[in-house]
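The values are calculated or read from the model by the stated rules, or taken from the named source; none is laboratory data. What you see is a predicted model; the values in this text were computed from it and never measured. Cβ sites come from the backbone with ideal geometry, for glycine too, and all protein chains shown count toward neighbours. Remember, those area values only see protein heavy atoms, side chains included, never the ligands or the DNA or RNA. Shrake-Rupley method; radii C 1.70, N 1.55, O 1.52, S 1.80 Å.
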Amino acid sequence: MADRFNHLVTRRRALVGAASLAAASSSLAKPFVPNAAAGEPIRVGLLLAKTGQIAPQTEYLSQGSYLALEERGNQIMGRPAELVWLDEPSPQDATQNMRKLVQEQKVCAVLGGALSSNALAEEATAAELKIPFIIDNAAATDITGKNCNRYTFRLNTPVLVQSRMLAPYALGVGKKWYFITASFAFGQDILRSSRELLKQAGGEEVGADEVPLNTADFSSFILKIRQAKPDVVLGGLSAGDLSTFLKQWNEIGMKGKIPIVEIAIGDTDIWAVGPEAATGVYTSLWWYKNPNNPPEEKAFADAYQKKFSRPAADKAWMGWITAKSLFEAIELAKSTDPMAIIEGLENWKFAAGGTSYAYRKWDHQMLLKNLVVQVKDKITDQWDYFDVKAALPENTADLEKIFGTPEEVGCKMTG
């Protein structure tokens with residue numbers, strides 16, 4: 001009897017041990033899923049600069065992101081949700097802060113990447129950490145080109161694509177171009193792509209200057225431009241540097257004498273210039289007074305105006321739409337598992353009038369029309385600076401073509 005009892009106890013222990021081992025093995029095989037415990041808040045990282053020349057833009061980006069969460073009652077999947085905002089003062093510091101967001105704050109995804117130099121470093125870190133990352137502002141072509149990875153998504157239209165859209169306007173003015181661009185990834189990308197487009201059109205480069213970030217005095221560059229007598233100044237200056245350049249361009253008496261053309265204007269860049277000095281033709285993703293904005297975006301603009309007592313800048317919309325895409329993708333996935341969120345983003349769509357926004361599956365680039373906007377001849381409102389000249393491409397069916405084929409883009413998805 002004792003032998004039989006001992007045999008049953010031994011067998012039971014063996015079965016329990018096997019079951020425990022199987023459970024442990026199963027647990028080890030699964031990826032780490034942050035915030036998985038029911039009732040704990042779902043945390044999403046926000047990685048945006050808090051200081052520097054890009055800060056006026058990131059203020060709006062962050063406000064749009066927070067507003068997207070407030071519209072949901074600060075909940076995702078019926079659970080409390082919160083944004084955790086850390087700084088990105090440099091590529092090195094930005095990647096360190098991304099690690100803090102993932103490893104210490106236990107975020108399930110990250111939004112951010114205000115500058116291309118930061119975003120290129122951040123996307124590599126996102127792939128290493130296996131965390132979904134949506135870049136809401138940076139436009140360097142390589143982000144969804146040769147540097148693409150499975151974990152990174154991007155809203156802003158790549159430099160090369162925006163340059164293709166705007167080149168016909170510049171060439172319509174003349175084929176003698178002078179380049180003044182920032183000496184970092186964004187400006188270098190503009191210089192490279194625009195030079196090639198000018199060459200293809202049989203145009204002439206009459207001068208080029210690459211200037212460091214936070215340049216305070218552009219007078220020597222402006223005098224060189226005046227002496228070169230180009231048909232067009234093709235700009236590639238970022239944020240506050242563009243504002244400073246346009247103010248000094250006006251002070252030296254150049255406004256209205258040589259047209260300024262540049263991609264990816266930020267509303268805060270032109271608002272900082274003031275109505276007397278503002279000038280130029282630009283590409284933009286969104287304009288709060290565009291009559292063709294769909295109803296949901298008009299409602300967003302109204303909500304932003306009510307909350308902040310000023311119009312929604314393009315960057316506020318960019319923060320809002322990227323955050324909205326992430327929150328809805330998590331809902332679609334019904335999970336905070338990284339790969340489930342990625343699949344949710346790959347299948348996310350937003351109906352927008354006669355078209356829709358979506359991330360292209362093979363490079364995670366959002367496909368959407370870009371606006372061509374021109375500064376009004378006479379500005380009577382402190383916010384209303386632009387006339388919308390076009391939404392490109394005119395035919396929605398041409399989006400895939402203008403954003404490029406896999407061979408042209410160079411994305412070979414990893415991860």
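Nearest 10 degrees is fine. How inclined is helix 116-129 to the longest principal axis of the chain, computing both from alpha carbons?
It is inclined by approximately 10 degrees.
Going from the alpha-carbon gyration tensor of region 107-240, what semi-axes, largest first and in whole Å, does one get by taking the root of 5 times each eigenvalue? List each step's numbers first, then the result.
Working: eigenvalues 205, 55, 20 Å².
Three semi-axes, in Å: 32, 17, 10.
A 27 angstrom limit on the alpha carbon distance is what I want to check against. Which of LYS247/LYS306; LYS389/LYS412; LYS224/LYS315; LYS255/LYS289; LYS130/LYS298; LYS324/LYS361 exceed it?
On the way: LYS247/LYS306 31 Å; LYS389/LYS412 35 Å; LYS224/LYS315 33 Å; LYS255/LYS289 25 Å; LYS130/LYS298 35 Å; LYS324/LYS361 18 Å.
Violating the 27 Å limit, Cα to Cα: LYS247/LYS306; LYS389/LYS412; LYS224/LYS315; LYS130/LYS298.
Let me have the 222 nm mean residue ellipticity of the chain computed from DSSP H runs of 4+ only, each contributing -39500 (n - 2.57), with the sum over all residues rounded to the nearest 500. Walk me through the intermediate numbers first.
On the way: 14 runs with 181 residues, N = 415.
Value at 222 nm, helices only, nearest 500: -14000 deg cm²/dmol.
Give the Debye-formula value of log10 I(q)/I(0) at each listed q (0.07, 0.11, 0.14 Å⁻¹), with one equal scatterer per alpha carbon of the chain, two decimals each.
Evaluating at q = 0.07, 0.11, 0.14 Å⁻¹ gives log10 I(q)/I(0) of -0.36, -0.80, -1.25.
Just subtract the alpha-carbon distance of LYS130 and SER90 from 0.36 nm times their residue separation and send over the number in nm, one decimal. Working shown, then result.
On the way: separation 40, 0.36 × 40 = 14.40 nm, distance 2.14 nm.
So the chain would gain 12.3 nm between LYS130 and SER90.
Checking a compactness column here: for region 312-391, what do you get for Rg(Cα) / (2.2 N^0.38 Å), N being the number of residues?
Values: Rg = 16.5 Å, N = 80, 2.2 N^0.38 = 11.6 Å.
Normalised Cα radius of gyration, region 312-391: 1.42.
Taking only Cα atoms of region 185-285, what ratio of Rg to Rh do you get with Rh as the Kirkwood inverse-distance radius? Show your work: numbers first, answer last.
Values: Rg = 13.0 Å, Rh = 14.0 Å.
Ratio of gyration radius to Kirkwood radius: 0.93.
When you have a sec, figure out the Kirkwood radius of region 243-289 from all distinct Cα pair distances and drop it here in Å to one decimal? Write out the running numbers ahead of the final one.
Details: mean 1/r = 0.0901 Å⁻¹.
About 11.1 Å for region 243-289.
Take each of the peptides 178-184, 232-238, average the number of other beta-carbon atoms within 10 Å over its residues, and list them starting from the highest. Provide the component values of the computation, followed by the final result.
On the way: 178-184: 22.3, 232-238: 25.9.
My ranking of the peptides, most packed first, is 232-238, 178-184.
Given 0.36 nm per residue, what is the gain on full extension from ILE252 to ASN214 after removing their alpha carbon distance, in nm?
Separation in residues times 0.36 nm, less the Cα-Cα distance, equals 11.7 nm.
How big is the gap, in Å, between the Cα center of region 236-271 and the Cα center of region 151-188?
The two parts, judged by their Cα centres, are 15 Å apart.
Rank by packing, highest mean first: peptides 279-286, 239-246, 360-367, with packing defined as the count of other Cβ atoms within 10 Å averaged across residues.
On the way: 279-286: 22.2, 239-246: 24.0, 360-367: 20.5.
For the peptides 279-286, 239-246, 360-367, the packing ranking is 239-246, 279-286, 360-367.
Output the lone cysteines of the chain: those with no second cysteine's C-beta under 4.7 Å from their C-beta.
So far as the 4.7 Å Cβ criterion goes, CYS108 stand without a partner in the chain.
Using the Cα centre of the chain as the reference point, and only Cβ charges (+1 on K/R, -1 on D/E), how large is the resulting charge dipole? Debye, rounded to the nearest 20. Don't skip to the answer; put the middle values down first.
Working: 45 positive and 48 negative charges, 197 e Å.
Dipole about the Cα centre, nearest 20: 940 debye.
Determine the equivalent ellipsoid of region 255-317 by diagonalising the alpha-carbon gyration tensor, then write out the semi-axes as square roots of 5 times the eigenvalues, largest first, rounded to whole Å.
Working: eigenvalues 127, 36, 15 Å².
Ellipsoid semi-axes (Å, largest first): 25, 13, 9.
Kirkwood hydrodynamic radius of region 277-415 from all distinct Cα pairs, in Å? Provide the component values of the computation, followed by the final result.
Numbers: mean 1/r = 0.0591 Å⁻¹.
Radius from the Kirkwood sum: 16.9 Å.
Percent of accessible area on the chain owned by carbon and sulfur, 1.4 Å probe? Could the numbers behind the result be given before it?
Numbers: 9220 of 17970 Å².
That fraction is 51 percent.
From largest to smallest, what semi-axes in whole angstrom does region 364-415 give when each is the square root of 5 times an eigenvalue of its alpha carbon gyration tensor?
Working: eigenvalues 226, 35, 13 Å².
Semi-axis lengths for region 364-415 are 34, 13, 8 Å.
Show me 339-349, 126-136, 315-325 ranked by packing, highest mean number of other Cβ atoms within 10 Å first. It would help to have the intermediate numbers written out before the result.
Numbers: 339-349: 18.4, 126-136: 23.7, 315-325: 26.1.
In decreasing order of mean packing, 339-349, 126-136, 315-325 become 315-325, 126-136, 339-349.
Between ALA109 and residues 5 or more places away or on another chain, which pairs have amide H atoms under 5 Å apart, with H built 1.01 Å from N, and which residues are they?
GLY45
Between the helical axis of 55-70 and the dominant principal axis of the chain, each derived from Cα atoms, what acute angle in degrees is found, rounded to the nearest 10?
Around 40 degrees separate the two axes.
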